[in-house]
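K.L.:
Structure provided below as structure tokens; questions to follow.
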Amino acid sequence: MVRVKKTVATIGRQALIDMPACGISAVPAKIDTGADSSAIWASSVKEHEGVLSFVLFDRDSPHYSGDIITTDQFEIVSVKNSFGKAEYRYKVKLLTKIEDKNIKVQYTLSDRSHSKYPILIGRNTLRGRFVVDVSKQLEDDHNDKVLLLSVKRTDNIENMVKNIEKYSDGKVSMDYARYDDLVIRFKDGIMSVTIDRLGTEVTDYSLVHFKTTIERDVTAAIARYVLASGGRIVDEAVQYFPGMSKLYQYSILSQAGIRVPDSVFVVTSELQGSYDMFVEELGLPFVLKGIHASRGDLNVVVNSKKDFTKAAKEVEKNEAYVVAQKFIPNSGDYRVLVFGKKIYLVIHRVRKDDTTHLNNTSMGGTATLVPATDLPAKIQTDSIHAAAVMNRRISGVDVIQDTSTGEWLFLEVNDGPQIATGAFVEEKHQALASFFIKELEK
């Protein structure tokens with residue numbers, strides 16, 4: 001018997017793949033030897049009476065056709081997201097042409113709208129069929145675009161960028177931007193970081209290098225976003241920050257699928273000229289909130305250009321950073337005390353009167369101890385998840401319900417949630433004692 005040797009092809013870090021049966025061709029895919037399984041961007045995913053239906057890609061994708069694919073051959077699998085949390089996704093088998101090989105690839109259906117590549121090919125598909133040559137590139141992708149970010153624009157850095165391009169023999173092209181060129185947005189729970197001057201998004205680049213890490217929390221927020229979106233940064237250490245900054249927290253929470261308020265961030269030097277943009281994106285009123293402030297400090301409602309100008313001057317005077325945030329009509333907020341992976345207490349806080357928008361007891365608000373069941377089950381689960389992704393074993397998770405829409409939003413994960421002070425001190429101490437007992441019993 002003659003044994004036919006299986007042909008192993010060479011593939012690069014990216015590939016253009018076809019799915020003839022789906023009418024799809026030349027879709028860019030990331031070849032990732034660090035991932036076990038393959039994944040594809042899908043939308044409108046629904047299961048009904050044992051039949052799964054979905055659409056490949058989404059309306060924002062140039063590869064979107066709108067054709068509905070149905071199958072009764074699928075399974076539900078557990079996969080880990082960027083933060084190591086298990087999620088359940090559908091897995092289907094699709095005939096795929098990769099480097100002239102027709103392969104039935106098992107894909108998990110996922111939202112890759114914020115990834116550079118709508119398709120990811122993992123080890124299980126590559127094994128026995130391809131070897132990966134990282135130097136091999138797509139013909140239309142021979143120039144790897146690099147983004148360099150710095151706090152200041154200097155002649156030395158511009159000269160460095162020119163020299164890198166010169167000495168790379170055309171293999172590297174670079175964009176150079178400062179932090180004040182960036183606008184960081186959280187819209188419908190989704191984060192984006194745009195370079196408005198260049199008309200680009202930081203995830204458009206093959207590689208991002210932070211020339212300086214002076215603005216540590218801003219740097220960390222952007223770095224985590226790039227990595228969670230499937231991008232690459234030069235120094236992965238810059239993604240870490242203690243987590244006190246609201247901006248950094250929003251970066252982590254939004255990437256974990258936890259809904260944060262619609263917000264826009266620019267550096268302080270760009271604040272005065274951003275009023276029209278804030279109004280257009282957030283409406284009036286909106287709130288200017290210090291990203292390092294606590295207990296209601298530097299938290300101002302803006303109803304007019306006059307209010308904004310006054311507040312912006314105060315921000316500049318204090319050399320502070322603020323985020324502009326959509327105003328959330330509410331009937332109070334909730335401080336959810338999460339110890340370990342359990343909710344121990346929930347405190348409902350209501351502002352003292354209409355002279356303030358702040359519900360904090362430190363600002364005169366009243367507090368009531370309520371059962372955790374006053375919160376929807378998903379909000380209870382998300383509160384525990386929020387504490388976990390922030391690596392907080394003792395935390396106060398602040399949530400609020402928009403009374404105009406009914407939507408629940410996460411405001412902050414406090415690492416110092418007034419356990420020694422504030423309302424219901426005895427109850428908090430009793431809960432903490434119970435937590436410590438359980439920890440010592442482990």
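K.L.:
Looking at the structure I just gave you, is SER263 at pLDDT 90 or above, in contact with a helix residue (DSSP H, G or I) (Cβ under 9 Å, 6 or more places away or on another chain) and of a type in the set (Gly, Ala, Ser)?
P.N.:
yes
K.L.:
Here is a further query. What is the number of the single condition among (1) modelled with pLDDT of 85 or more; (2) part of a strand (DSSP E or B) that SER78 does not meet?
P.N.:
Among (1) modelled with pLDDT of 85 or more; (2) part of a strand (DSSP E or B), the lone unmet condition for SER78 is (1).
K.L.:
Identify, from the list LYS342, LYS305, LYS317, the residue that is within 26 Å of ILE394 (Cα to Cα) and surrounded by fewer than 16 Cβ atoms within 10 Å (Cβ to Cβ).
P.N.:
Just a single option satisfies the conditions, and that option is LYS342.
K.L.:
Please go through the range 367-418 and pick out each residue that is in contact with a helix residue (DSSP H, G or I) (Cβ under 8 Å, 6 or more places away or on another chain), within 19 Å of GLN255 (Cα to Cα) and part of a helix (DSSP H, G or I).
P.N.:
GLN380, ALA386, VAL389
K.L.:
So which residues in the range 270-287 are within 15 Å of LYS317 (Cα to Cα) and under 25 Å from the mean Cα position of the chain (by Cα), if there are any at all?
P.N.:
GLU270, LEU271
One line per residue, one yes/no per condition, for (1) in contact with a Cys (Cβ under 8 Å, 6 or more places away or on another chain); (2) within 28 Å of SER263 (Cβ to Cβ); (3) without any contact (Cβ under 8 Å) to a residue 24 or more places away in the chain:
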site: GLN380; (1), (2), (3): no, yes, no
site: VAL389; (1), (2), (3): no, yes, no
site: GLY406; (1), (2), (3): no, yes, yes
site: LEU409; (1), (2), (3): no, yes, no
site: ILE419; (1), (2), (3): no, yes, no
site: GLY422; (1), (2), (3): no, yes, no
site: VAL425; (1), (2), (3): no, no, yes
site: LYS428; (1), (2), (3): no, no, no
site: SER434; (1), (2), (3): no, no, no
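K.L.:
I'd like to verify a number: residues in the range 5-64 that are of a type in the set (Val, Ile, Thr) and in contact with an Asp or Glu (Cβ under 8 Å, 6 or more places away or on another chain), how many?
P.N.:
6
K.L.:
Restricting attention to the range 172-193, which residues are more than 30 Å from PHE410 (Cβ to Cβ) and either outside the structural domain of ALA228 (by TED's automatic domain parsing) or out of contact with any helix residue (DSSP H, G or I) (no Cβ under 9 Å at 6 or more places or on another chain) (or both)?
P.N.:
Hit for the range 172-193 is ARG178, nothing else.
For every residue, the table says whether it meets (1) within 30 Å of ALA388 (Cα to Cα); (2) of a type in the set (Ser, Thr, Tyr).
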site	(1), (2)
VAL45	yes, no
GLU49	no, no
VAL55	no, no
ASP60	no, no
HIS63	no, no
THR71	no, yes
SER78	yes, yes
VAL92	no, no
ASP111	yes, no
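K.L.:
Same structure again: Test THR356 against the stated conditions and say whether it is in a loop (DSSP other than H, G, I, E, B), surrounded by fewer than 14 Cβ atoms within 10 Å (Cβ to Cβ) and not hydrophobic (A, V, I, L, M, F, W, C).
P.N.:
no
K.L.:
For SER331, only one of the following conditions fails: (1) under 22 Å from the mean Cα position of the chain (by Cα); (2) part of a loop (DSSP other than H, G, I, E, B). What is its number?
P.N.:
Result: SER331 fails condition (1) only.
K.L.:
Ok, one more. Could you please give the count of residues in the range 194-211 that are assigned to a loop (DSSP other than H, G, I, E, B) and either touching a residue at least 24 places away in the same chain (Cβ under 8 Å) or in contact with a helix residue (DSSP H, G or I) (Cβ under 8 Å, 6 or more places away or on another chain) (or both)?
P.N.:
Selection size over the range 194-211: 6.
K.L.:
On to the next question. Every residue in the range 44-61 that is within 23 Å of the chain's Cα centre (by Cα), not in a strand (DSSP E or B) and not hydroxyl-bearing (Ser, Thr, Tyr), please.
P.N.:
PHE57, ASP58, ARG59, ASP60
K.L.:
Within the range 370-390, can you find the residues that are among the charged types (D, E, K, R) and surrounded by 17 or more Cβ atoms within 10 Å (Cβ to Cβ)?
P.N.:
ASP382
K.L.:
Please go through the range 248-257 and give me each residue that is under 20 Å from PRO417 (Cβ atoms) and surrounded by fewer than 22 Cβ atoms within 10 Å (Cβ to Cβ), ordered by number.
P.N.:
Listed by number, the list holds a single entry, ALA256.
K.L.:
In the same structural domain as VAL151 (by TED's automatic domain parsing), over 14 Å from LYS187 (Cα atoms) and surrounded by fewer than 20 Cβ atoms within 10 Å (Cβ to Cβ): does that describe ASP297?
P.N.:
No.
K.L.:
Only one of these is loosely packed, with under 12 Cβ neighbours inside 10 Å and within 26 Å of ASN124 (Cα to Cα): ASP72, ASP60, ASP32. Name it.
P.N.:
From the options ASP72, ASP60, ASP32, the qualifying one is ASP72.
The values are calculated or read from the model by the stated rules, or taken from the named source; none is laboratory data. Remember, predicted model here, so these are calculated numbers, not experimental data. Methodologically, a virtual Cβ is constructed for each residue, glycine included, from the backbone with ideal geometry; neighbour enumeration extends over all protein chains shown.
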